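Notes follow once the structure below has been shown.
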Amino acid sequence: MVGIRSYGGYVPRYRLNRMAIFGNMGWLNPANLMNAQGEKAVANFDEDSVTMSVAAALDCIKGFERSEIGGVYFASTTAPYKERLNANIVAGALAANEMIRTADFSGGLKAGTSAILAALDAVSAGSANNIVVTAADCRLGKMGSPQELLFGDGAAAVLVGDEDVIAEYKGFFSSGYDFVDHFRGANSIFDRQWEDRWIRDVGINTFIPEAIKGLCEKVGLSPGDFSKIIYPTYYGGARKKINKVLGLEPDKIEDNLQAAVGDTGTAHPLLMFAKALEQANPGDKIMLVSYGSGCDAIYFEVTENIKKLAPRKGVSGYLGRRSDLDNYTKYLVWRRMVPVDTGLRGEEDKWTRWSLVWRKHKVILGMLGSKCKKCGTQQFPEQRVCVNPDCGAIDEMEPVYVSDKGGKIFSFTSDMLAASINPPAMYGGVDINGGGRFVMDFTDCTLDDLAVGKPVEFTFRIKFYDSKRDITNYFWKAVPISEEAE
Amino acid sequence: MAEGIKDKVVILGMGCTRFGERWDASPEDLLIEAFLECLEDAGIEKKDIQAAWLSTHIDEINVGKGGNFLGLTLHLPFIPITRTENFCASGTEAFRGACYGVASGAYDIALAVGIEKLKDTGYGGLPDSPAFGQMAQMIMPNATAPGMFAQLASAYSARYGIPMEKVKEAMAHVSWKSHQNGAKNPRAHLRRPVTKEQIMAAPMIAYPLGLFDCCGVSDGCACAIVTTPEIARKLKPNEDLVKVKALQVSVSSGEEVWYNKWDGAGMLTTRTAAKKAYEEAGIKDPRKEISMMEVHDCFSITELVTMEDLGISEPGGAPEDILSGFFDLNGEIPCQSDGGLKCFGHPIGASGLRMLYEVYNQLLGRWPEDRAVKNPKLGLTHNLGGVPNQNVCSVAIIGRD
Amino acid sequence: MRYVHLPVDEEIRSVGGYYKILEEGIFQFGSRKVLYVLKAAHVETSCCGAGGLGFISVPGFLVSYKSEINENGLPVSEVKKVLDVEDRKAIRNILLKKYPYISVVEFD
């Protein structure tokens with residue numbers, strides 16, 4: 001049986017109230033008041049589509065062994081690299097085996113579901129198994145644009161395989177149209193769009209019902225037979241019209257998360273799907289539909305296995321873990337939309353030495369440490385000489401990945417002088433669970449969240465960005481876990 | 001069995017520039033200013049110098065790599081010159097090189113110079129450099145020194161159950177004391193006393209270190225000429241001599257940064273170097289025998305924990321000692337009688353030699369009464385370079401016979 | 001606890017920079033009054049860094065305001081420290097609303 005074995009979601013911690021955006025930019029475009037309700041999820045200054053994908057993928061593979069991963073597909077229209085496979089960075093962070101199938105999917109907002117279909121096909125064909133499919137987006141609208149209000153940041157992931165599936169793959173329908181409602185040229189960072197009415201009436205209201213009906217016909221069901229039909233669109237009127245045309249009851253429609261997150265592009269159908277699976281029961285028929293340069297519609301039937309799935313944060317968990325970002329200009333700077341003064345010191349070159357990065361890629365991406373076979377001491381980063389002063393054994397190490405171990409704060413500080421676009425920089429010593437100590441950045445927190453002895457988990461983030469050469473470097477940071485979340 | 005350095009080397013002369021933002025002075029000017037004082041004090045001629053060690057820390061600006069700057073500026077006649085770089089201990093390392101050169105019998109007279117010209121970057125603070133190598137840049141936080149040292153304070157407070165308020169109060173006293181002492185010193189970078197309230201009210205740079213808990217960056221140069229006791233006695237038959245009693249360096253093993261046993265409330269390197277230095281100098285009870293100290297007060301918390309790491313204060317006892325005035329100029333063991341890094345200034349490569357300069361002159365009773373330590377016999381200097389979890393520490397002890 | 005009021009708008013220099021108290025304020029918080037101090041620092045050349053920061057410190061709830069003069073001739077108030085976590089959060093939010101450009105609110 002081929003299908004979905006697991007799912008995970010990720011919504012970044014910071015939420016920007018849309019009225020705060022409008023308060024800053026409404027003078028330019030007063031019509032945007034229509035879009036200024038609710039809040040949008042905003043990637044932290046050290047997050048992007050790759051890091052959000054890793055977070056969702058880690059949520060997804062909870063309860064599975066990394067060694068089981070047989071492929072990593074990454075879908076996004078906002079990948080940090082055009083050349084350098086982004087999926088390999090994700091796979092590296094998951095510490096997956098390297099002799100597996102990896103691929104990036106991009107170009108249109110349906111790329112997320114296309115990646116799922118590709119994974120389902122590969123598993124069905126027996127070419128690969130246990131493929132992690134992640135999708136994330138972090139799209140930008142210009143200051144004062146509707147997109148700036150409507151888009152949000154987020155990621156979702158599913159594990160596609162043929163054992164213990166929680167949702168069986170039962171059929172698909174796909175279309176591809178060079179219908180340009182939104183587009184970005186290869187050198188543009190901002191979304192552009194054609195007229196709303198045209199997108200709504202000709203795009204969404206045509207292609208989404210076509211896909212839903214098309215799939216229904218293929219599998220001999222009617223829309224009403226499905227427990228949930230999941231499709232993205234933030235146009236409220238268009239949703240009503242589609243539901244009416246298809247005769248769908250409101251409870252069969254998954255919430256589009258517009259009020260709490262915003263449209264997360266390629267990730268959005270997957271994000272809604274991951275959220276729907278949290279509540280799904282065995283026997284539920286779920287249709288997952290994407291939209292953008294055509295549509296994919298995929299039919300899943302939930303199995304008994306869903307009850308056995310290890311608990312995870314999921315979309316709901318991350319939705320509940322929130323902080324206000326009450327500063328619009330901070331958002332602009334985090335997304336590198338406006339130039340800021342980082343001082344002369346900020347102009348100093350920070351090189352990335354690719355040969356070094358390759359030699360140490362498992363340490364940097366996967367948090368590879370060592371465990372001494374002589375004395376049992378776990379240590380990070382990987383060592384050849386045991387750090388235990390009473391042992392000191394040489395070349396007696398076995399590899400151990402510590403990224404999922406978490407730890408406890410050993411010491412910390414909040415630093416007003418360290419160069420950062422999110423001051424104060426917070427960092428400190430972390431005692432890794434199971435052994436080892438390392439000095440790490442803390443993120444997604446304030447000074448009040450830090451205390452000696454407090455538990456932390458590790459999260460994959462942007463370490464530094466070299467604007468001169470457009471290089472994004474990644475490493476792990478520590479996030480304090482609050483007691484109420486545990 | 002190694003005998004150690006005790007009594008094998010005499011400091012024949014020392015020199016030190018005014019520290020500060022010496023916008024008008026080139027490194028050559030700084031070097032010549034300190035060297036002339038040193039040469040005159042030693043009572044020798046340039047040609048008597050047989051070997052030299054040059055300490056500088058920063059490559060990016062300053063005087064470049066190698067020993068050439070020293071040879072080219074003083075036109076030393078093709079003698080061996082070795083550059084030493086070991087973070088903030090670089091100056092003491094140059095001194096150690098010169099002392100070992102003399103003690104080994106290889107040279108009769110050797111010169112140690114420390115210099116740093118930092119105010120040519122165009123921005124405050126030290127130049128950015130991947131101080132711990134390229135890999136550290138990929139995985140270590142983009143930390144500043146105040147941020148790393150600040151963590152000593154939280155760990156210290158937690159380790160000994162001493163409320164942060166008390167730690168802050170003791171840190172304020174440390175800073176207040178240096179400002180009191182620095183104000184009296186014409187060569188100090190900052191000569192301005194401040195009140196404890198002003199220190200305590202200062203904004204936090206890196207929690208819990210405030211503006212006054214952090215040292216600055218200065219230009220400056222200091223040097224020493226060393227020789228054997230026999231030659232010194234011949235050259236200075238009727239004067240007190242200052243002899244080297246101990247020279248120790250300790251470098252982190254990785255235990256602090258990667259292993260889980262370190263308590264974070266003090267430096268393992270300082271503890272190691274101090275223990276060995278007392279053995280080398282034959283000191284049994286440092287709290288009774290040491291007359292004065294110049295320690296690496298890059299941050300107030302560093303000075304606080306160093307009092308314990310050096311074995312002067314009991315573990316957890318430094319705040320009490322500090323607040324009781326034990327380390328004040330008129331206390332039992334005056335510490336930073338010249339204003340320390342915080343007020344005298346901190347040109348990295350020169351700092352170790354600057355500390356020796358202060359102790360040397362105090363031992364010889366050369367300072368005016370208002371800032372003189374009373375009848376000192378043994379003085380200790382201490383440098384700590386790097387950050388608390390990976391650092392280089394040097395401890396030197398010199399004494400008047 | 002005693003709080004010594006330092007003069008406003010006076011540069012206080014350290015080797016690495018200087019700071020100034022820009023204003024002192026009091027606001028009503030339920031039945032109590034909160035004393036806060038707005039400061040600006042310019043770190044010009046501290047060991048390993050430079051920058052500037054705005055900073056609010058909160059000595060505490062006022063018990064008595066400038067009720068005595070200390071040995072240096074400075075006014076002294078009696079304050080009670082803000083220790084409750086929820087109070088701290090609320091006070092921080094009020095201050096950040098009033099001074100949105102401040103990144104650090106410290107409780108004494």
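The values are calculated or read from the model by the stated rules, or taken from the named source; none is laboratory data. What you are looking at is a predicted structure, and each value in this text was computed from that prediction instead of being measured. Ideal geometry is used to build each Cβ from the backbone, glycine not excepted, and the neighbour counts take in all protein chains shown. The protein model used for the area step is the full one, side chains on, heavy atoms only, and it has no ligands, DNA or RNA in it. Shrake-Rupley method; radii C 1.70, N 1.55, O 1.52, S 1.80 Å.
One table, with the values for the structure above:
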read-out	value
Over 20 Å (Cα to Cα) - which of A:K170/A:K218; B:K245/B:K276; A:K374/B:K275 fall in this group	A:K374/B:K275
Neighbourhood charge, 10 Å Cβ-Cβ cut-off, centred on B:L190 and excluding it, Lys, Arg +1 and Asp, Glu -1	+4
Percent RCO, i.e. relative contact order, over region A:3-334, from Cα pairs under 8 Å lying at least 6 residues apart	27 percent
Cut-off 11 Å between beta-carbons: net charge of the residues surrounding C:V8, Lys and Arg +1, Asp and Glu -1	-2
Degrees separating the helix B:90-103 axis from the principal Cα axis of chain B, which is the longest one	40 degrees
Summed buried accessible area for A+C [probe radius 1.4 Å, Å², rounded to 100]	600 Å²
Within region C:60-103, backbone nitrogen closer than 14 Å to the virtual label 7 Å beyond the Cα of C:E23 toward Cβ	C:95-102
FRET efficiency, 1/(1 + (r/R0)^6) with R0 56 Å, evaluated for B:N330 and B:E28 via beta carbons	0.90
Where no second cysteine Cβ lies under 4.7 Å, the cysteines concerned in chain A	A:C60, A:C138, A:C216, A:C295, A:C445
Between A and B, accessible area buried - total, square angstrom, nearest 100, 1.4 angstrom probe	3600 Å²
R0 of 51 Å, Cβ-Cβ distance A:K240-A:K373: FRET efficiency to nearest 0.05	0.20
Per-residue [θ]222 nm for chain A (sum of -39500 (n - 2.57) over DSSP H runs n ≥ 4, rounded to 500)	-6500 deg cm²/dmol
Inter-part distance where region B:344-401 and region A:219-281 are each reduced to a Cα centre, Å	74 Å
DSSP loop trypsin sites (Lys or Arg not before Pro) with at most 13 other Cβ within 10 Å: longest gap in chain B	B:66-260
Net charge dipole size for chain A [Lys, Arg +1 and Asp, Glu -1 on Cβ; Debye, nearest 20]	420 debye
On Cα atoms only, tilt of C:85-98 relative to the major axis of chain C in degrees	60 degrees
Computed lengthening from A:D466 to A:Q279, 0.36 nm per intervening residue step minus Cα-Cα distance	63.1 nm
Alpha-carbon centroids, region B:75-92 and region A:433-486: separation in whole Å	41 Å
Kyte-Doolittle mean at least 1.0 and Cα axial length at least 15 Å: DSSP H helices in chain A	A:49-60, A:111-125
Degrees, to the nearest 10: B:268-281 long Cα axis against longest axis of chain B	40 degrees
FRET efficiency, C:Y99 to A:R384 (Cβ-Cβ, R0 45 Å, nearest 0.05)	0.30
Extreme residue, positive dipole direction of the protein assembly as shown, given options B:M1, A:V385, B:L356 (C-beta unit charges)	A:V385
³J(HN,Hα) computed for each position of region A:390-400 - Karplus, 6.51 cos²θ - 1.76 cosθ + 1.60, integer Hz, glycine/proline x	8, 10, x, 4, 10, 6, 10, 9, 10, x, 9
Cα-projected label distance for B:R192 with A:D225, points at 7 Å along beta-carbon direction, nm	8.3 nm
Cβ-placed point charges (K, R +1; D, E -1), dipole of region A:227-350 about Cα centre in debye, nearest 20	220 debye
Set of lysines near C:K97 by C-alpha distance (under 17 Å), chain-local residues within fewer than 8 positions excluded	A:K330, C:K39, C:K89
Between region A:378-431 and region B:187-233, the alpha-carbon center distance in angstrom	32 Å
Simple label model, 7 Å out from Cα along Cβ direction - B:S104 to A:K308, nm	7.2 nm
Environment charge at B:H179 (Cβ cut-off 14 Å; Lys +1, Arg +1, Asp -1, Glu -1)	+2
Proximal lysines to A:K244, defined as alpha-carbon separation beneath 19 angstrom and excluding residues fewer than eight positions away on the same chain	A:K213, A:K228, A:K252
Spacing of the two label points (7 Å from each Cα toward its C-beta) at B:E239 and A:K62, in nm	7.5 nm
Given charges at beta-carbon only (K, R positive; D, E negative), |dipole| of chain B in Debye	380 debye
Helix-derived mean residue ellipticity, 222 nm - over chain C, DSSP H n ≥ 4, -39500 (n - 2.57), to 500	-4000 deg cm²/dmol
